[in-house]
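Student: Once you've had a glance at the structure underneath, I'll fire off some questions.
The values are calculated or read from the model by the stated rules, or taken from the named source; none is laboratory data. As the structure is a prediction and not an experimental result, all values here were calculated from the model. As a convention, Cβ positions derive from the backbone with ideal geometry for all residues, glycine included, and neighbour counts pool all protein chains shown. Remember, those area values only see protein heavy atoms, side chains included, never the ligands or the DNA or RNA. Shrake-Rupley method; radii C 1.70, N 1.55, O 1.52, S 1.80 Å.
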Amino acid sequence: MAEREDLVTVRHLPTASPSTDDIRGWAALRKLGNAAGSPVDIEYWKSIPFFANFMDGYQLARRVDAALANGDAAVAEALAGARSLDRATIERFDEIDLGNGHLRALAAQTVGDGWWKLLWVPPTLPYLEPGPVFREFADQRVTKQVIFSAWSGVPTAVAALLSYEADRLAAGKRKVLTANTPDARKAVRARLLYPLDEGRPAAMSTLALFWPHPVLARLGDPLTAARRAGGVVTTGALEAEVGAHFFSAPDAAQAWEASFATPGALPASLADASPEQLAASDGEGSAGLIEHIRLALETASEMPHAHPELASLAVHAPGNIAWRALRSVAGHSATEEGLWRAAFELADGIRTLFNRTESIALLTTLYGDERHYWQSVLAYCADGNLQAVLDEYLYQLWSETGGVELDDAGLMDLAHRAVGAMSLRPARYEARDTSPDRAEIPLMARFALRYGGKHATDADEQGGVRQSEVRAAFNSPFAPFVLASTSVGQEGIDFHWWSHSVIHWNLPSNPVDFEQREGRVNRYAGHAVRKNVGERHWNDVLASGDPHAWQAAFDAASRNVASEFSPWWVYPGSARIHRVLATYPLSRDIDRYERLRSALTLYRLTLGQPRQEDMIEMLARSGGDAEELPTIDLRPPGAVQQA
């Protein structure tokens, strides 16, 4: 970094003073604790929204359950008076007060900032100008949030309630997801399947959307277009350029017919493959998919056909995007057939992403239901620069292999890993109401997830997802966008690929924990580093002939530094690691933080690595002058003589 700059910047979660209802909630919670013989620490109330609903695992819950089993009327009355979620309200998808100042502030900065519209984090290096949905995030402010709390009830409550808000907004006018119930979710029919109508394929447009067409993919490459233009291009300009190639071609009735009629829909080595062989890229293909492929092969023509949406398919169809993204990391030993099969697998994972109940509801809210769903998918991929997103993600996955040359098996492995991240199942969390039987209030979550489970096990079976799956998905551009954890996640686990923000929901007890927590997102080629590299070296990417934008960017950055830690660990630019402090106004936590910061400065000083801003401020408080203090010159003798 530049002189007196530091990669870590301190921010404050804009938590407001407790409301009247918040204070009443604390009084009711304290009354419950006293009635049950288990006094409630005020820190629980400050940190855990609706503590009476999320108190399982705490002594208070055990005491309350025991008292209720014995018919204790005083405890039952106190429980009924505690602040609580209402199951009927949740099931109607009504707006709720989040019951906690920290959570309200976090929701305002994420869900309230429009993040509910996102199926992926906007790309760091966009090739196309973003469309209406993603345009508001073009300032690169979006980064996933990692929350650390001292209390085990925080991750479940935060993840469940934030996800509820995101799903509620995505449901919009309830045209698709009519209610927040299991039955309502089951009633939402997947839109991107391969059904047969009296034995005939009935969703050829879906197949065209997810079919890797090498010729169309090359023709509609947005990175190549950006390099020709010398900067980001508009979707309209690129589509017009691609469409000009088919100006004199006869018109096709449907976009899918024009797509499959364009020569080169398969690599030459697969020209004689049967529909069954093509459908079974990794297992046995479904009967519906096989018949759709059969019709696609029958539609193949020696002469291209035109259609108004053919150019859009060439540029934005997930199948073509997957093919281009995998080609950018393919080694010399990878074959065209291996590339195609891996792209077909990756595209099918993207199909799963858009087949989710919440995704269908979201796209209907954003684009309406007047157009076909496959057209909304195409529009969203264009709007959100999916090509740039996948290029960045596959580069990260490839870098984790040590940059080995990827053959066919390596490409398929990369595709499987990406599919696994975007296919993450929703978690199911449980709150308990405040009735005497403490009935369950189920809450589905994917926008935000907890890490470590209630009991810090690797498999959180009750939540429905394994923690290794959660970690892999968080280290991708796809959901979850918020990860809430306790000390389980603060040591030895990396969350940095798409996050450079750590929220200290509770201040740690010692300075070492600050280092441990923030170290999760301050890692090799992390999100902040990539933002800075991309910010400075976009022109180098445009001037390069490297098929992968990120390799070109880091190559240029490597030529521009004099430190062994740059550009992979630290790089100058506007992005920083965010240390976000959650404190109430006038709280004693404000003074506690200052004491911890001084301790952290001394701790780092013993390691020879003080944050410059903190060190200078501490010297100022003690009356010292940094310019007059003696220093130890650690330069080698030769460098000292040259100076």
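Student: Where the accessible area of the chain is counted over protein heavy atoms with a 1.4 Å probe, how much of it, in %, is carbon and sulfur?
Tutor: On the chain, the fraction of accessible area on carbon and sulfur atoms equals 50 percent.
Student: Can you tell me the order of 49-57, 97-105 when each peptide is scored by its average per-residue count of other Cβ atoms within 10 angstrom, highest first?
Tutor: Top of the packing list down: 49-57, 97-105.
Student: So for 23, 350, 96, what's the accessible-area order with a 1.4 Å probe, most first? Each step should come with its number before you reach the end.
Tutor: Details: 23 85, 350 5, 96 30 Å².
Descending order: 23, 96, 350.
Student: How far, in degrees from 0 to 90, does helix 386-400 lean away from the longest principal axis of the Cα atoms of the chain, to the nearest 10?
Tutor: 70 degrees
Student: In straight Cα distance, which lysines are under 24 Å from residue 186, not counting same-chain residues fewer than 8 positions off?
Tutor: In chain and number order, the partners are 117, 173, 175.
Student: What ranking, highest mean first, results for peptides 326-339, 265-278 when packing means the other Cβ atoms within 10 Å averaged over each residue?
Tutor: 326-339, 265-278
Student: Helix 588-606 sits at what angle to the longest principal axis of the chain, using alpha carbons and giving 0 to 90 degrees rounded to 10?
Tutor: With both axes taken from Cα atoms, the answer is about 70 degrees.
Student: Right, something else. Residue 450's amide H: which non-local residues (gap 5+, or another chain) put their own amide H closer than 5 Å, with H modeled 1.01 Å from N in plane and none for Pro or chain starts?
Tutor: Correct list: 484.
Student: Now, a different point. Provide the packing ranking of 404-416, 239-251, 356-368, i.e. peptides ordered by the mean count of other C-beta atoms within 10 Å per residue, highest first.
Tutor: 356-368, 404-416, 239-251
Student: Using unit Cβ charges (K, R positive; D, E negative) and no other charged atoms, how large, in debye to the nearest 20, is the dipole of the chain about its Cα centre?
Tutor: Charge dipole, the chain, about its Cα centre: 1540 debye, nearest 20.
Student: Right, here's the next one. Whenever you get a sec, line up 94, 383, 591 from highest to lowest accessible area (probe 1.4 Å, protein heavy atoms).
Tutor: The residues order as 591, 94, 383, largest area first.
Student: Something else about it: What ranking of 305, 548 comes out by heavy-atom accessible area, probe 1.4 Å, highest first? Could the numbers behind the result be given before it?
Tutor: Working: 305 45, 548 5 Å².
Highest to lowest solvent-accessible surface, that is 305, 548.
Student: A further question on this structure: What is the sum of charges, Lys and Arg at +1 and Asp and Glu at -1, for the other residues whose Cβ falls under 15 Å from the Cβ of residue 195?
Tutor: +2
Student: Cross-link candidates for residue 531: which lysines have Cα within less than 20 Å, leaving aside residues fewer than 8 places away along the same chain?
Tutor: Correct list for residue 531: 144.
Student: Looking at the chain, send over the antiparallel percent of its DSSP beta bridges, to the nearest 5.
Tutor: 30 percent
Student: OK, next. Rounding to the nearest 10 and keeping the result within 0 to 90°, find how far the Cα-based axis of helix 408-422 lies from the longest principal axis of the chain.
Tutor: Here the helix axis deviates by roughly 50 degrees.
Student: While we're here: With the dipole of the chain worked out from charges on the C-beta (+1 for Lys and Arg, -1 for Asp and Glu) around the Cα centre, which of 280, 163, 543 lies farthest toward the positive end?
Tutor: Final value for the positive-end residue is 163.
Student: Whole Å is fine, so just give me how far the alpha carbon centre of the stretch 149-164 lies from that of the stretch 38-101.
Tutor: Distance between centres, Cα-based: 14 Å.
Student: If you don't mind, another one. In percent, what relative contact order does the chain have, based on Cα pairs under 8 Å that are 6 or more apart in sequence? Before the final figure, lay out the partial values.
Tutor: Details: 1096 pairs, mean separation 131.7, N = 643.
Taking the mean separation of contacting Cα pairs over the length of the chain, I get 20 percent.
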